[in-house]
Amino acid sequence: MRDDDRNAHRLKIALFGHPLGHSRSQELFAAVSGRSCPEIDYQPVEVSPAGLEAAIERMRRGEWDGANVTIPHKGEVLRYVDSLDLSARTSGAVNVIVRSGEGVLHGINTDGEGFCDALKVFSQGPPDLEQAGVVIFGTGGAARGVGAAVRQRGAEVTFVTRRPGQPPSEVMSLAREIIGWDSRRLSSCIEEALLVVQATSLGMAPSTEEAVPAPRESFRKGQYVVDLIYNPPETRFMQQVRRQGADVINGWPMLVHQAARALDHWAGSGTGKALIEHWL
Ligand code: NAP
């Protein structure tokens, strides 16, 4: 579809995931709909793992022009799209689908680049990731998207997961090290890291009492920490590591930047900046 045609019609975008109660994406896009981008009809669609293929087929038939994909489908959805961009291939995770007029579905990952864009909001400026130690909690879709983007910038990445013996293949190719939560290496990896990324769903609304079992005393001043969760705005994990002196941000800036990149794909290059101007 040409950029002119895109602007001429109302964009119908689905959000596929389960659960979706925590998501603020609908509100995010509603604020800029029709203002320096086409009108956006953004529809959260609760999809269980068993219903994912059928939901993608509805999209292929034309029910939506594009989609966001979230928990827990970012990896599984690779099986159902027709092509992948490099970031989706490297991470094994898709968070954006673009449907061409002929019903061809293209899978993209904007999480990783959106994450790196968001690092600019740190008060001390973005960290230099070249040869920097980065620890990522989790190996899910978001963790892999972030891992691929920081790896591309030269970081040495350690993933922490419940199943260190059976990581997804993309994690094996991105990681310097893959360890379990019970590893004796966990404390020293965190202490040595310049950047720690909390990419699990622990602590996300409504389960706000939960937190990753990371040793708090290993966090320190001079360290950058990002919790990808944005609802609630301050997780228990964030409170704990802030007390240790680390510089901490939540997932809101990443959410806005990955959405801006998604809108560029759905509505034409440059349209996504409306989201950044409105929300950040
Ligand atoms: P996902 O693919 O379903 O992955 C779930 C993640 O949570 C995995 O990394 C998994 O780790 C971890 N996990 C789940 N239960 C756990 C437990 N009991 N103990 C330890 N780890 C556990 O979901 P996702 O799309 O990656 O999303 C993960 C989080 O990132 C969510 O909170 C989501 O809202 C957030 N997110 C934010 C943005 C943003 O723009 N700010 C974008 C994407 C995602 P293992 O299986 O490796 O142990």
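The values are calculated or read from the model by the stated rules, or taken from the named source; none is laboratory data. Just so we're clear, the structure is a prediction, and the values are computed from it rather than from any experiment. Note that each Cβ is placed from the backbone with ideal geometry, even for glycine, and that neighbours are counted across all protein chains shown. We work out accessible area using only protein heavy atoms, side chains counted, and drop any ligands, DNA or RNA first. Shrake-Rupley method; radii C 1.70, N 1.55, O 1.52, S 1.80 Å.
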Mean separation of Cα pairs under 8 Å and 6+ residues apart, divided by the residue count of the stretch 71-110: what relative contact order is that in percent?
43
Quick check: at a probe of 1.4 Å, how many percent of the accessible area of the chain sits on carbon and sulfur atoms?
47
Taking the Cβ of Ala93 as the centre, find all other residues whose Cβ is under 14 Å away and add up their charges (Lys, Arg: +1; Asp, Glu: -1).
0
Net dipole in debye of the stretch 46-101 [+1 Lys, Arg Cβ; -1 Asp, Glu Cβ; about Cα centre; nearest 20]:
100
Dividing the Cα radius of gyration by the Kirkwood radius, what Rg/Rh value follows for the chain?
0.97
Whole-number percent relative contact order across the chain, with pairs defined as alpha carbons under 8 Å at least 6 apart
17
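Please calculate how many Å² of accessible area the chain carries per residue, with a 1.4 Å probe and no DNA, RNA or ligand atoms counted. Write out the running numbers ahead of the final one.
Numbers: 12110 Å² over 280 residues.
Averaged over the residues of the chain, the accessible area is 43 Å².
Any chance you could run the full-extension gain for Arg184 through Val104? It's 0.36 nm times the residue separation minus the Cα-Cα distance, nm to one decimal. Write down the numbers at each step before the final one.
Details: separation 80, 0.36 × 80 = 28.80 nm, distance 4.74 nm.
Extra length from Arg184 to Val104 when fully extended: 24.1 nm.
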Does the stretch 112-249 come out rounded, prolate or oblate, given a ≥ b ≥ c as the square roots of the eigenvalues of its C-alpha gyration tensor, rounded meaning a/c under 1.5 and, failing that, prolate meaning a/b above b/c?
rounded
From Cα pairs below 8 angstrom and at least 6 apart in sequence, can you work out the relative contact order of the stretch 112-249, rounded to a whole percent?
21
Excluding residues on the same chain fewer than 8 positions from Lys120, give the lysines whose Cα lies under 23 Å from its Cα.
Lys221, Lys273
Which residue, Gly66, Gly145, Gly101, tops the fluctuation ranking in a GNM of the chain built on C-alpha contacts under 10 Å?
Gly101
Candidates Thr235, Thr158, Thr208; GNM for the chain (alpha-carbon contacts under 10 Å) flags as most fluctuating Thr208
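In the chain, what percentage of the DSSP-assigned beta bridges are antiparallel, given to the nearest 5?
Details: 7 of 40 bridges.
Around 20 percent antiparallel, to the nearest 5.
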Within the under-11-Å Cβ sphere about Arg220, not counting Arg220, Lys/Arg +1 and Asp/Glu -1 give a net charge of -2
Nothing charged except the Cβ atoms of Lys and Arg (+1) and of Asp and Glu (-1): what's the magnitude of the dipole of the stretch 72-155 about its Cα centre? Round to the nearest 20 debye.
160
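Scanning the chain for helices, which whole DSSP H stretches are 24 Å or more long along the axis (Cα) and average 0.5 or more by Kyte-Doolittle?
Details: long enough: none.
The answer is none, since no helix passes both cut-offs.
Give me the dipole magnitude in Debye, nearest 20, for the stretch 112-249 about the Cα centre, with unit charges on the beta carbon: positive for Lys and Arg, negative for Asp and Glu.
200
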Fully extended contour minus Cα-Cα distance, from Arg89 to Arg61, at 0.36 nm per residue:
7.6 nm
